[in-house]
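This report concerns only the one structure given below.
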């Protein structure tokens, strides 16, 4: 069975150039960059090239890039650092939103249980932060504001530049989880007054298990781990060299063709949405249909069991999801969609489709055909079940 992979916000397939670069550093070009000999030298040199490529992708200086194990680790490092750096006796105050990635949500839950004041700003039906609530929440005694750049479930682009300037004007540190933005949007930290920006390689065809934290000033960050001097002491431990080299390769390639990839993914996404809406009744787009990233759509299929639809699509070889990969195994409706005002049944009936540069028009048309047939079957089954229940009742 041919696989149609439309879950690229969960992870993307590494490019062949990425895989080749990683194989070289795991083969004849192997070494430990902390070693004081030629094998260490060649790996250090390769790391320099990779770091510069990753820095260029977000408009940073190479020494502002810290390699980590994942975007989750990068996010957690920032929050932990802010708490640890707070003056003795001060109650730490963190402002975020109700639609953040689970790595932020769960960290806030943990810190809230430890006495940290967590303020979660609501969003509207489009998934956009309610500005008046955010403006009121960002007080001068706030220690950190953390707002994602792009929502991982709906693709909504949040106004991080405006938020960053608000924080800057009030002397508050600003962090953004940019995992779904980097590689899909032009990013320049020289134009965005952000203190911390986290992203990960496997969202733009790099390897899994390697993330990056941009740090405007290293004096603002304390490490999550303690040990050696790797990554300037901000992330000690022997580096994931294959991951770093793979991320550098993926970053270079994405920067070279960002505009073309953006246009291509948007064309597939738009064709998909238009075809679905034209062929299948009672389908709506969740989230902001204008301010959103190029590759993502989240669709509400009314009167359809979304979990059953995802399972049936999977049987046909189509891979998609109802929420982020980090929460997809929970038998609960998406907390992101619920925060946007969707009912529990509407959230259950919603599915995310996310495209990549590997997808094709054939993928789109084949998936739409499957959806049209399966939605009709599932709705027919639902109507029959309701009819039988009514008779029994």
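The values are calculated or read from the model by the stated rules, or taken from the named source; none is laboratory data. What you are looking at is a predicted structure, and each value in this text was computed from that prediction instead of being measured. All Cβ positions, glycine included, derive from the backbone under ideal geometry; neighbour counts span all protein chains shown.
Remarks
- Whichever residue in segment 216-247 is in contact with a strand residue (DSSP E or B) (Cβ under 6 Å, 6 or more places away or on another chain) and not in a loop (DSSP other than H, G, I, E, B) and, among such residues, is nearest to residue 356 (Cα to Cα): 244
- Where residue 284 falls short, out of the listed (1) more than 25 Å from the chain's Cα centre (by Cα); (2) more than 21 Å from residue 5 (Cα to Cα); (3) assigned by TED's automatic domain parsing to the domain that holds residue 358: (1)
- Yes/no for residue 140 being modelled with pLDDT under 95 and out of contact with any helix residue (DSSP H, G or I) (no Cβ under 6 Å at 6 or more places or on another chain): yes
- Only listed residue being buried (at least 20 other Cβ atoms within 10 Å of the Cβ) and in the same structural domain as residue 202 (by TED's automatic domain parsing), chosen from 53, 39: 53
- Check on residue 379, in contact with a strand residue (DSSP E or B) (Cβ under 9 Å, 6 or more places away or on another chain), at pLDDT below 95 and outside any loop (DSSP other than H, G, I, E, B): yes
- Looking only at segment 118-133, and only at residues there that are part of a strand (DSSP E or B) and without any contact (Cβ under 8 Å) to a residue 60 or more places away in the chain, the one that is nearest to residue 154 (Cα to Cα): 129
- Pairs where the first residue, in segment 98-112, is in the same structural domain as residue 123 (by TED's automatic domain parsing) and the second is in a helix (DSSP H, G or I) and surrounded by fewer than 19 Cβ atoms within 10 Å (Cβ to Cβ), C-beta under 6 Å, 6+ apart: 98/339; 99/339
- Top-ranked residue of segment 1-11 - restricted to ones that are at pLDDT 95 or above and out of contact with any helix residue (DSSP H, G or I) (no Cβ under 6 Å at 6 or more places or on another chain), ranked as surrounded by the fewest Cβ atoms within 10 Å (Cβ to Cβ): 3
- Among (1) touching a helix residue (DSSP H, G or I) at 6+ places or on another chain (Cβ under 8 Å); (2) surrounded by fewer than 17 Cβ atoms within 10 Å (Cβ to Cβ); (3) not in a loop (DSSP other than H, G, I, E, B), the one test that residue 303 misses: (3)
- Residue 174, sole failed condition from (1) in contact with a strand residue (DSSP E or B) (Cβ under 8 Å, 6 or more places away or on another chain); (2) under 30 Å from residue 124 (Cβ atoms); (3) in contact (Cβ under 8 Å) with a residue 40 or more places away in the chain: (3)
- Exclusive hit being at pLDDT below 95, outside the structural domain of residue 30 (by TED's automatic domain parsing) and surrounded by fewer than 18 Cβ atoms within 10 Å (Cβ to Cβ), set 314, 270, 290: 290
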